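Scroll down for the structure; my scribbles are underneath it.
The values are calculated or read from the model by the stated rules, or taken from the named source; none is laboratory data. The shown structure was predicted, so the numbers you read here are calculated from the model rather than taken from an experiment. All Cβ positions, even for glycine, are placed from backbone atoms using ideal geometry, and neighbour counts span all protein chains on display.
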Amino acid sequence: MASLTISDVPDEALHRLEEIARLNGRTVEEEARGLLTARVSEAQPRQPEQTRGDIFLKDQSRRSPEEQERVMKRFQSLGRKLGEPFDQKAFTDELWSFVEE
């Protein structure tokens, strides 16, 4: 069997675990092992939360190829176009001149 070390257990939790172990006639280690085993056996893994990108991709499958192309072009128009030169210094200079005004 594997071993597990748990750091930074709050004092109140440890005292409560000791009390429960004492009432059940078990050692703290036995009680912790029993609680952990019971909790893990009943726990269900969480489903990962969907991101906007996931929702977008899921919705894409319902669209016609023409509609998918239109939507992708619209998303791409929101940002800098690929292959288009980008002068970061000019951009930041312009930004700071706006802030300083």
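Odds and ends about this structure:
- Residues that are touching a strand residue (DSSP E or B) at 6+ places or on another chain (Cβ under 8 Å) and modelled with pLDDT of 90 or more number at least 3 in none of the helices (runs of 4 or more DSSP H) confined to region 1-81.
- Of the residues making up region 82-101, those that are at pLDDT 70 or above and exposed (fewer than 10 other Cβ atoms within 10 Å of the Cβ) are Pro85, Phe86, Asp87, Gln88, Lys89, Ala90, Ser97.
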